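Undergrad: Following this message is one structure expressed as structure tokens.
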Amino acid sequence: MSIKVSLVTKIYKDQKALNEVSFYAKKGQIIGFLGPNGAGKSTMMKILTGFIKPNFGHVFVDEIDILQNPIEAQKRIGYLPEHNPLYSDMYVREYLQFQAAIFKVAKSQVETCIETVGLAIEAHKKINQLSKGYQQRVGLAAAILHNPKVLILDEPTTGLDPNQLVEIRALIKELGKDKTVLFSTHILQEVEAVCDRVIIINKGEILIDKKLAVLKVSKQQTIEVTFDCKIETQLIDNLPSLVSYQNNENFTWCITFENEEDMRSKVFDFAQENGFKILSLNTQNKNLETLFREVTS
Ligand code: ADP
Ligand code: MG
């Protein structure tokens, strides 16, 4: 089950919330939709689920155009909105049965979903008696009642305590085994913990769209080194596996290498062979965090 977003633009009155956003998600991926508050994540998700319309662009879910055929597309989508709208005075099981009736889903599905999200021991309680983590499970159960192949989760872990966080992340991962999941978050570690792929969005534009594995195994490393004297660039040019360098201050260099091996020892050898001393030596790892800061700043 795929998602295809093509050049989607959304303008609220005079504000452009999304600007020509495009991406494609194939079956069975868990995608982290990462961006600061106001980036446009919820807007994109509301458009994907057919709750609001874009001004321009197209969205296809399993090759069904959500604008042309919203009902058919929505049958394939499970949606947990940002502020999980539950009827808090209802009992968990009663609420899910009510949702199942509205969406004409077999009652037996309710029990299956209660099991899937780990709600069995709380299912007899009122929703407002549950912790936030369990309330999110109710929202997730409601989202998967009709067994959708695409799950759209808008900040499903916001407001959870650390234990609940871990549990809900694990649940999302489990659900992602047979569904395409797009979930939004402003927490970087979450993306690293749960996703196969990250889409970074800021000010309504996609800045990065990459498989996480690609980010993690990137062979590039940048080393910041301060020598005790001025060094000619010709000498630096002799370093092995060199990609680029920058001479920031007089004796400090940021040198980028492409090699799996830790290049600090090579820099050390280089200094020794040429008779320089090293005053400091640091690796700057380009993880998701630095990447995020780079692209959103
Ligand atoms: P995110 O979910 O990433 O925090 P949103 O999609 O909610 O971002 O919002 C993107 C931008 O659009 C924000 O600047 C927000 O203020 C604005 N916005 C969102 N919804 C509306 C609306 N209904 N009317 C006007 N502006 C809106
Ligand atoms: Mg939002």
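The values are calculated or read from the model by the stated rules, or taken from the named source; none is laboratory data. The structure displayed is predicted, hence computed values, not measured ones. Cβ coordinates were reconstructed from backbone atoms using ideal geometry, including for glycine residues, and neighbour counts include every protein chain displayed.
Undergrad: Look through LEU207, LEU188, LEU212 and report the one residue that is touching a residue at least 12 places away in the same chain (Cβ under 8 Å), within 30 Å of VAL243 (Cα to Cα) and touching a Phe, Trp or Tyr at 6+ places or on another chain (Cβ under 7 Å). Can you show your working first?
TA: Details: LEU207 fails: touching a Phe, Trp or Tyr at 6+ places or on another chain (Cβ under 7 Å); LEU212 fails: touching a Phe, Trp or Tyr at 6+ places or on another chain (Cβ under 7 Å).
From the options LEU207, LEU188, LEU212, the qualifying one is LEU188.
Undergrad: Out of the residues in the stretch 253-275 that are outside any helix (DSSP H, G or I) and in contact with a Leu (Cβ under 9 Å, 6 or more places away or on another chain), state the one that is modelled with the highest pLDDT. Outline the logic, then answer.
TA: Let us first name the residues in the stretch 253-275 that are outside any helix (DSSP H, G or I), namely 253-263, 275.
Filter again for in contact with a Leu (Cβ under 9 Å, 6 or more places away or on another chain), leaving 255-258, 263.
Values: ILE255: 92, THR256: 88, PHE257: 89, GLU258: 86, MET263: 88.
Across the stretch 253-275, the extreme among qualifying residues is ILE255.
Undergrad: I would also like to ask the following. Do we have VAL181 as buried (at least 22 other Cβ atoms within 10 Å of the Cβ) and over 23 Å from GLY35 (Cβ atoms) here?
TA: When the stated conditions are applied, VAL181 does not pass them.
Undergrad: From the list GLY78, GLY133, GLY118, which one is away from ligand 1 (no atom under 16 Å from the Cβ), touching a helix residue (DSSP H, G or I) at 6+ places or on another chain (Cβ under 7 Å) and in a strand (DSSP E or B)?
TA: Details: GLY133 fails: in a strand (DSSP E or B); GLY118 fails: in a strand (DSSP E or B).
Checking each option against the conditions leaves just GLY78.
Undergrad: Looking at (1) buried (at least 18 other Cβ atoms within 10 Å of the Cβ); (2) of a type outside the set (A, V, I, L, M, F, W, C); (3) on the phi > 0 side of the Ramachandran plot, which is the one condition that is false for ARG169?
TA: Among (1) buried (at least 18 other Cβ atoms within 10 Å of the Cβ); (2) of a type outside the set (A, V, I, L, M, F, W, C); (3) on the phi > 0 side of the Ramachandran plot, the lone unmet condition for ARG169 is (3).
Undergrad: How many residues, within the stretch 46-75, are farther than 18 Å from GLY139 by Cβ, away from ligand 1 (no atom under 16 Å from the Cβ) and not hydrophobic (A, V, I, L, M, F, W, C)?
TA: Going through the stretch 46-75 one residue at a time, the tally reaches 9.
Undergrad: Still on this model: Looking at LYS26 and the list (1) more than 7 Å from ligand 1 (Cβ to nearest atom); (2) closer than 20 Å to LYS210 by Cα; (3) surrounded by 13 or more Cβ atoms within 10 Å (Cβ to Cβ); (4) not β-branched (Val, Ile, Thr), which single condition is not satisfied?
TA: Every condition holds for LYS26 apart from (3).
Undergrad: A further question on this structure: Would you please name the residue that is farthest from ligand 1 (Cβ to nearest atom), looking only at residues in the stretch 32-45 that are touching a helix residue (DSSP H, G or I) at 6+ places or on another chain (Cβ under 9 Å) and either in a strand (DSSP E or B) or closer than 10 Å to LEU182 by Cβ (or both)?
TA: Within the stretch 32-45, the first condition is being touching a helix residue (DSSP H, G or I) at 6+ places or on another chain (Cβ under 9 Å), and the residues that meet it are 32-36, 39.
Those left that are additionally either in a strand (DSSP E or B) or closer than 10 Å to LEU182 by Cβ (or both): 32-34.
On the way: GLY32: 13, PHE33: 8, LEU34: 10 Å.
Taking the candidates together, the pick is GLY32.
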